[in-house]
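Trainee: Submitted below is the structure of interest, expressed as structure tokens.
The values are calculated or read from the model by the stated rules, or taken from the named source; none is laboratory data. These figures come from a predicted structure and were not determined experimentally. Counting neighbours? That spans all protein chains shown, and the Cβs are built from the backbone with ideal geometry, glycine included.
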Amino acid sequence: MNNTPSTDIRALRAIAAAIDAQHGKLPDLTDPLRPPVLGDVARQITALGQLAADMGHEVFFSDAREPETHTPKVIAAYTAAVRPTAEAVSALGQVAEQLAFLDRTEHLRAQPDADDAREAAVHVIDEALCTAHTTLRDAADSLRAASTTISPPSVQLRAALSRSPASPSATASTPPPPPAAPSTAPARRGR
């Protein structure tokens, strides 16, 4: 596995895009065409859990490889993004719990106490979805921001390195030739 700035930048951006995709799938209580469905929320919990595991693997493999100058930034980016991703998973867990409650109490809808509890469940779902929206946006944004701090070598630097001798330190340690010694021969004088 390559440990180059370019590959790490692509990996950070790919996980950010995957988090964005999950963010786009979050249900919206204000959209009657996209009400929260327990099965969909469960799939998102699984997908986000997999993304958190992927970030954990990236940290593990980055730490196990020969470190490059950019490696600490990569590790910090993944570890910082795991927390908001896990918070989104937790929030979606609350959503799933409340959706299951609503399914179980559907037949009690006409009873005043049950109706109050169901309204409270909808409020919890709304708050949890807001948390999931915010934390997923934060996770993706932090990964994208980190990818901009890791810069691959410029085209000019790569070209210069390809033209350089194999061992630049060997040529740097060779002393320059001594300056030409002044001539000690007597100068001729005119007659």
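Trainee: Residues of the stretch 1-36 being within 20 Å of ALA64 (Cβ to Cβ), in a helix (DSSP H, G or I) and polar (S, T, N, Q), which ones?
Mentor: SER6, THR7
Trainee: Next question. From the list ALA81, ALA53, pick out the single residue that is loosely packed, with under 14 Cβ neighbours inside 10 Å and within 19 Å of LEU143 (Cβ to Cβ).
Mentor: ALA53
Trainee: Checking the condition out of contact with any strand residue (DSSP E or B) (no Cβ under 6 Å at 6 or more places or on another chain), in contact (Cβ under 8 Å) with a residue 40 or more places away in the chain and acidic (Asp, Glu), which residue from ASP31, ASP8 passes?
Mentor: Among ASP31, ASP8, only ASP8 is out of contact with any strand residue (DSSP E or B) (no Cβ under 6 Å at 6 or more places or on another chain), in contact (Cβ under 8 Å) with a residue 40 or more places away in the chain and acidic (Asp, Glu).
Trainee: Looking at the stretch 69-103, which of the residues that are charged (D, E, K, R) and within 17 Å of HIS57 (Cα to Cα) is modelled with the lowest pLDDT?
Mentor: This residue is LYS73.
Trainee: I'd like the residue in the stretch 68-77 that is surrounded by 12 or more Cβ atoms within 10 Å (Cβ to Cβ) and free of Cβ contacts under 8 Å to residues at least 24 places away in the same chain and, out of all such residues, is nearest to ARG144 (Cα to Cα).
Mentor: Once the filter is applied, the top-ranked residue is ILE75.
Trainee: Would you be able to say whether some residue in the stretch 82-103 is hydrophobic (A, V, I, L, M, F, W, C), under 34 Å from the mean Cα position of the chain (by Cα) and under 16 Å from ALA146 (Cβ atoms)?
Mentor: Among the residues of the stretch 82-103, at least one is hydrophobic (A, V, I, L, M, F, W, C), under 34 Å from the mean Cα position of the chain (by Cα) and under 16 Å from ALA146 (Cβ atoms), which makes the answer yes.
Trainee: In the stretch 51-93, what residues are of a type in the set (Val, Ile, Thr) and in a helix (DSSP H, G or I)?
Mentor: VAL59, THR71, VAL74, ILE75, THR79, VAL82, THR85, VAL89 - these are the residues of the stretch 51-93 that are of a type in the set (Val, Ile, Thr) and in a helix (DSSP H, G or I).
Trainee: Out of the residues in the stretch 1-50 that are surrounded by 13 or more Cβ atoms within 10 Å (Cβ to Cβ), among the aliphatic types (A, V, I, L, M) and over 18 Å from ALA140 (Cβ atoms), state the one that is modelled with the lowest pLDDT.
Mentor: The qualifying residue modelled with the lowest pLDDT is LEU29.
Trainee: Which pairs turn up if I take residues in the stretch 102-126 that are closer than 23 Å to ALA88 by Cα and look for partners that are among the β-branched types (Val, Ile, Thr) and assigned to a helix (DSSP H, G or I) with beta carbon separation below 6 Å, at least 6 apart in sequence or on another chain?
Mentor: Filtered contacts from the stretch 102-126: ILE125/VAL95.
Trainee: Additional query: Just to be sure before I move on: is ASP126 at pLDDT below 90, out of contact with any helix residue (DSSP H, G or I) (no Cβ under 8 Å at 6 or more places or on another chain) and of a type in the set (Asp, Glu) in the structure I sent?
Mentor: no
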